[in-house]
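The values are calculated or read from the model by the stated rules, or taken from the named source; none is laboratory data. Since the structure is predicted, the reported quantities are computational estimates derived from the model, not experimental observations. Backbone-built Cβ (ideal geometry, glycine too); neighbour counts: all protein chains shown.
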Amino acid sequence: MLRFNELTVQFAGLTAVSRLSLDIPKGRIYSIIGPNGAGKTTVFNCISRFYTPTAGTIEFEGRNLSHVKPHQVIRLGISRSFQNVELFSKMSVMDNLLTGLHSALGHNIISISLKLPSIRKTEAEARKKAEEVLDMFGLTRFADEKVENLPYGYQKMVDIGRAIMVNPKLILLDEPVAGMNSAETEKLCELILRLRDQMGITVLLIEHDMSLVMKVSDHITVMNFGEKIAEGSPAEVQENPAVIEAYLGEVEVDAEA
Amino acid sequence: MKDRILNRRTAIVLFAIFLVAYPFLVGQSSYFMGLVAMAAIFAIAAMSLNLLTGYGGQISVGQGGFLMLGTYTAAVLQVKLGMPIWVTIPAAGLVAGVVSLIIGLPAVRLKGHFLAVATLGFGLSIPEIALNWKSVTAGYSGLPMMRPDAVSSDLAFFYVILAVTMIVTWLLLNIANSRLGRAFLAIRDSEIAAAATGINVAGYKTIMFIIAAFFTGIGGGLYAYWIEYVSPNDFTIITSFFLLAMIVVGGRASIWGAIVGAILFTVIPHFADAYIGITNLVIGIAVILIILFRPSGLISIGELFRKSDMNREIEAEPLRSEQANPSEVPDAKV
């Protein structure tokens, strides 16, 4: 579904991603793990077209993403959440979700300013969809609350909720459970499985919480210093000596935190 | 929730009835009708600016320039070409819109202070052009205007201004509360996330500029017909700053807030004019106090009660979820 061909990204001489090739199959949960600074988020930002690769290409369903603009990516069926929660913080939870549906709504300015029936209808449908997503995340009672007033864990949920509003084919989740408590993590774990099993969404996941990664992933790629050092099923990756070496210390830090 | 909407609707209807009855409450005094007419014109400009600055986060220090573009477009079309009001007023909006597109296309690539300085330049240059392009604008002496016969009295034209203001308010409310308004807010809060949700950031900034300029231009056109005279001193850079002050005091990202600000800033000079120089002092103090104590503007005062209720619920919430799932804690961090 999503294929990287020898992707290389350099920032002023620093190589963030080096000749990375990946093939993400449809309908799976695919995780990218690796120590901080391994280039994981850079990969996401290339898919979102915020960065342009120095060399190599990314293909989505056979289509080269090189000439797609950032705001057009979602129309191809790729949506994402952000590592540091990039929400519209002064907007309500409901409005954040509705904005997630932006690319699917018509935007004729004349019919909007006259509030024609067609606009009322699509707006009501959008609201219904948002209510479903709120229900799915258990956020219904916060629908009218400003996002910035919510605890961090809920904000992350809204971020992910916004990304699934458009029924994407592929969703990119950048550290979805960072900063969440254990109960919230558990809930999100179920949710990620639901995305795959019930909604048929392919999930590309970056995460440091190894228990989550091992539980949900179908396939894992391990990166370090911009390069792929291992890949395979969760069991294979756990046994891989290169991975254990890269993670020594990293696992310890996680355990303390 | 329902009660609040009903209350608001009642308040709006009462306010509209008051405005319609207003000329008779003040004995059709031209001065007092003029106060409300100017408040309405400023309200149109402030609402438009609020869409751009309050919703979209794009600071414009040149909105007075679009008001002036509107006044001169209406005046020149009427005086030199003899066009009727139903052509000149929309044309005032269109000319302002087209000019905003020309300056907007490069300007939307600027951010924050740079955008403010660019629009400041625009706001400064329009009165200069009006002053020096003598063949069209008649320079310093200005252009005298004539209202159409059907609405030539102050009373009749007062209602024209009122009607247009109400229509513009309705249109801007629709835009602000739509997917378009959400996209503007989204751009203000996070351009990256906005792009990721499919919003063409540069394109929408341009649209904001055009909408804001279009309606402000219409406000300018109304002004030309109300005063029946346009001159290069009507809307200077001070007007642009006043418009910004109106939306800050009234409430950013709120159409009603812009109206509150416009009314306040038209009424303050009325009461303060007796003491020379006090107007600007009062306005300056008002802006500082609002920024310090109610950064969301006067319009947010009604939200105080609702907010405290909501906060209490959120504070109680995380506790409940942790208590509900004690068994899941041990195996979460393996």
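Values as computed for the structure displayed
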quantity: Within region B:1-119, helices (runs of 4 or more DSSP H) holding 1 or more residues that are surrounded by 13 or more Cβ atoms within 10 Å (Cβ to Cβ) and of a type in the set (S, T, N, Q); calculated: B:30-49, B:63-79, B:85-107
quantity: Close pairs (7 angstrom Cβ cut-off, 6 or more residues apart or separate chains): more than 10 Å from every other protein chain (Cβ to nearest Cβ) in region A:107-122, modelled with pLDDT of 90 or more anywhere; calculated: A:SER118/A:SER111
quantity: Top-ranked residue in region A:159-171 [being within 11 Å of chain B (Cβ to nearest Cβ) and part of a helix (DSSP H, G or I); ranked as nearest to A:THR202 (Cα to Cα)]; calculated: A:ALA163
quantity: Residue ID - farthest from the other protein chains (Cβ to nearest Cβ), chosen from residues in region A:136-151 that are more than 20 Å from the chain's Cα centre (by Cα) and part of a helix (DSSP H, G or I); calculated: A:THR140
quantity: A:ILE78 under 15 Å from the mean Cα position of the chain (by Cα) and more than 15 Å from A:MET157 (Cβ to Cβ); calculated: yes
quantity: Single residue of region A:11-50 satisfying the filter (farther than 21 Å from A:VAL222 by Cα and under 18 Å from the mean Cα position of the chain (by Cα)) that is surrounded by the fewest Cβ atoms within 10 Å (Cβ to Cβ); calculated: A:PHE50
quantity: Unmet requirement for A:VAL133, which otherwise passes all of (1) more than 12 Å from chain B (Cβ to nearest Cβ); (2) closer than 21 Å to B:ALA194 by Cα; (3) in a loop (DSSP other than H, G, I, E, B); (4) more than 13 Å from the chain's Cα centre (by Cα); calculated: (3)
quantity: Scope region B:21-49; condition over 19 Å from B:SER240 (Cβ atoms), of a type outside the set (A, V, I, L, M, F, W, C) and in contact (Cβ under 8 Å) with a residue 12 or more places away in the chain; matching residues; calculated: B:TYR22, B:PRO23, B:GLN28, B:SER30, B:GLY34
quantity: Which listed residue is surrounded by fewer than 23 Cβ atoms within 10 Å (Cβ to Cβ), within 11 Å of another protein chain (Cβ to nearest Cβ) and not in a strand (DSSP E or B), from B:ILE187, B:ILE192; calculated: B:ILE192
quantity: Qualifying residue in region B:105-125 (condition: within 24 Å of B:THR165 (Cα to Cα) and more than 18 Å from the chain's Cα centre (by Cα)); calculated: no
quantity: Spans of strands (runs of 3 or more DSSP E) in region A:186-245 with at least 3 residues crowded, with 19+ Cβ neighbours inside 10 Å, under 20 Å from the mean Cα position of the chain (by Cα) and in contact (Cβ under 8 Å) with a residue 40 or more places away in the chain; calculated: A:202-206, A:219-224
